[in-house]
Amino acid sequence: MKTNELVKKKKQITIVDVIIYIGLVILALIYILPLLWMLSVSFKTNREVLTNPFSIPQVLQLGNYIFSWVNGKLGIATLNSMIVCAAALIISLLIGSMAAFAIARMRLKIMRYLMQYFLIGMMVPVHCVLIPLFVRFSSWNLTNHLIGLIIPYITFSLPITVFLMVGFFKSMPNELFEAACIDGCSIYGCFIRIGLPLARVGMFVAGLMTFVGNWNELLLAMVFISDPLKKTLPVTLTYFVGPYATNYVQMFAAIIIAIAPTIVVYSIFSNQIVDGLTTGAVKG
C-alpha cells in the first residue's frame, strides 16, 4: 500500500509544473507562429499582404516559389552553398576528430595547452579578423573563389568540433584502448577502429552544427565573393530587398526555401542531437 501511495504522490502535477508547461507552450508559440505567418505570406499576393497580412491566402500563389527559384537564381546559390558547406564539413570533421582524439587520449603536457588554444578560437569573433583575412586572401587571389570561403569556414568550425569531440573521446572507457594496445593496435588503429565508431553520435552532432552554421553564414560570403554566379544562398536572399521597393511575397518564398532544409533536419534528428550533447558532457 505504501508503494502505491508513493507512486500516486509522484504522479501528482503541482502548480509549478503547470507554470513550467504553460511557459514552454508560450515559448514554442513565440518560435512557431512567425514561421507559420511567413509561410502563409509566401503563398499570397502583395495586395493581400498589404491589406490583410494575417489572413489565410485566398489562392495559393505557387508562382512566388517558381519566380524565387528561377529569377532569383536560388538554384545556383544553393549549389554553391552545398559545395562550400560540404567541403568545410568533411575537412573540419576529419581534422577536428583527430585533434580531439589526441587531446583526450594522448598523455602529453602540450595537449592541455592545445585544448586551450582551440577554446580561445571559440571566443574570437569573425569581425575581428575580417579585414586581415580579406587583405591576405586578396594578395593570394583567393577572393571571388569558393575556396576563399571554405578555408575560413574550416577555421571557424574547428574549435566547436574539437570541443564537442573531446568530451566524447574522454567519456570512453580506458580499458578498451588499453586492451587494443596490448593486442598490438597503434594509436591510429585505436582512433579508426575504436574511437570513431563509438563517437559517431558526436560526429553527427558536430557535423550538423557545423553545416547549419556555415549554411547561414552571411558576412564572409558577402565580403569575399563578388561574382553573382558564385554567391551563396544567404547573400542571394539579400537581392530580394530593393532600395526603393520590396516584393515581400517572393522574398518570404525565398526565405522558406532557404530555411526548409535546416528545419527538416532538426525536426528529424532532434533526439539524436540532445542525446549527443548530453552523452559527450558526462565522463565515464
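The values are calculated or read from the model by the stated rules, or taken from the named source; none is laboratory data. Please read these numbers as outputs of a predicted model, since none were measured by experiment. Glycine gets a Cβ as well: all are built from the backbone with ideal geometry, and neighbour counts include every protein chain shown. The area values use the complete protein model at the heavy-atom level, side chains included, leaving out ligands, DNA and RNA. Shrake-Rupley method; radii C 1.70, N 1.55, O 1.52, S 1.80 Å.
What residue, among those in segment 229-275 that are assigned to a helix (DSSP H, G or I), out of contact with any Leu (no Cβ under 8 Å at 6 or more places or on another chain) and among the small types (Gly, Ala, Ser), is modelled with the lowest pLDDT?
Ser270
Can we say Ala28 is closer than 30 Å to Gly195 by Cβ, of a type in the set (Gly, Ala, Ser) and either open to solvent by less than 80 Å² (accessible area, probe 1.4 Å) or touching a residue at least 24 places away in the same chain (Cβ under 8 Å) (or both)?
The answer is no for Ala28.
When you scan segment 159-174, do you find a residue that is open to solvent by 80 Å² or more (accessible area, probe 1.4 Å), under 22 Å from the mean Cα position of the chain (by Cα) and more than 17 Å from Asn214 (Cα to Cα), even just one?
yes
Are any residues in segment 52-80 closer than 21 Å to Ile147 by Cα and surrounded by fewer than 15 Cβ atoms within 10 Å (Cβ to Cβ), and if so, which ones?
Of everything in segment 52-80, those that are closer than 21 Å to Ile147 by Cα and surrounded by fewer than 15 Cβ atoms within 10 Å (Cβ to Cβ) turn out to be Gly75, Leu79.
Considering only residues of segment 81-98 that are open to solvent by 20 Å² or more (accessible area, probe 1.4 Å) and over 15 Å from the mean Cα position of the chain (by Cα), which is farthest from Leu176 (Cα to Cα)?
To start, the set of residues in segment 81-98 that are open to solvent by 20 Å² or more (accessible area, probe 1.4 Å) comprises 82-83, 86-87, 89-91, 93-95, 98.
Those left that are additionally over 15 Å from the mean Cα position of the chain (by Cα): 83, 91, 94-95, 98.
Details: Ile83: 37, Ile91: 27, Leu94: 22, Ile95: 23, Met98: 18 Å.
Selected residue: Ile83.
Output yes when any residue across segment 40-47 is closer than 21 Å to Ala254 by Cα, modelled with pLDDT under 90 and assigned to a helix (DSSP H, G or I), and no when none is.
The answer is yes; a qualifying residue exists.
May I ask you to verify whether Val212 is of a type in the set (A, V, I, L, M), at pLDDT below 90, assigned to a helix (DSSP H, G or I) and in contact with a Gly (Cβ under 7 Å, 6 or more places away or on another chain)?
no
Can you find a residue in segment 50-71 that is over 30 Å from Ile225 (Cα atoms) and in a helix (DSSP H, G or I)?
Yes.
Being at pLDDT 85 or above, out of contact with any strand residue (DSSP E or B) (no Cβ under 6 Å at 6 or more places or on another chain), closer than 30 Å to Pro228 by Cα and open to solvent by 60 Å² or more (accessible area, probe 1.4 Å) narrows it down to one of Thr155, Thr143, so name that one.
Thr155
Take the conditions part of a helix (DSSP H, G or I) and at pLDDT 90 or above and apply them to Leu29. Does it pass?
Judged against the criteria, Leu29 is a match.
Looking only at segment 184-199, filter to residues that are of a type outside the set (Gly, Ala, Ser) and touching a helix residue (DSSP H, G or I) at 6+ places or on another chain (Cβ under 9 Å); which one of those is least open to solvent (accessible area, probe 1.4 Å)?
Our first condition is that a residue be of a type outside the set (Gly, Ala, Ser); within segment 184-199, this holds for 185, 187-188, 190-194, 196-198.
With the extra rule that they be touching a helix residue (DSSP H, G or I) at 6+ places or on another chain (Cβ under 9 Å), the set shrinks to 185, 187, 190-191, 193-194, 196, 198.
Values: Cys185: 32, Ile187: 76, Cys190: 4, Phe191: 25, Arg193: 186, Ile194: 30, Leu196: 50, Leu198: 89 Å².
Per the criteria, the residue is Cys190.
Applying the selection to segment 208-223, what residues are open to solvent by less than 60 Å² (accessible area, probe 1.4 Å) and either of a type in the set (Asp, Glu) or within 8 Å of the chain's Cα centre (by Cα) (or both)?
Residues satisfying the conditions are Leu208, Thr210, Phe211, Val212, Gly213, Asn214, Trp215, Glu217.
Restricting attention to segment 178-215, which residues are under 21 Å from Asn144 (Cβ atoms) and of a type in the set (S, T, N, Q)?
Matches in segment 178-215: Asn214 only.
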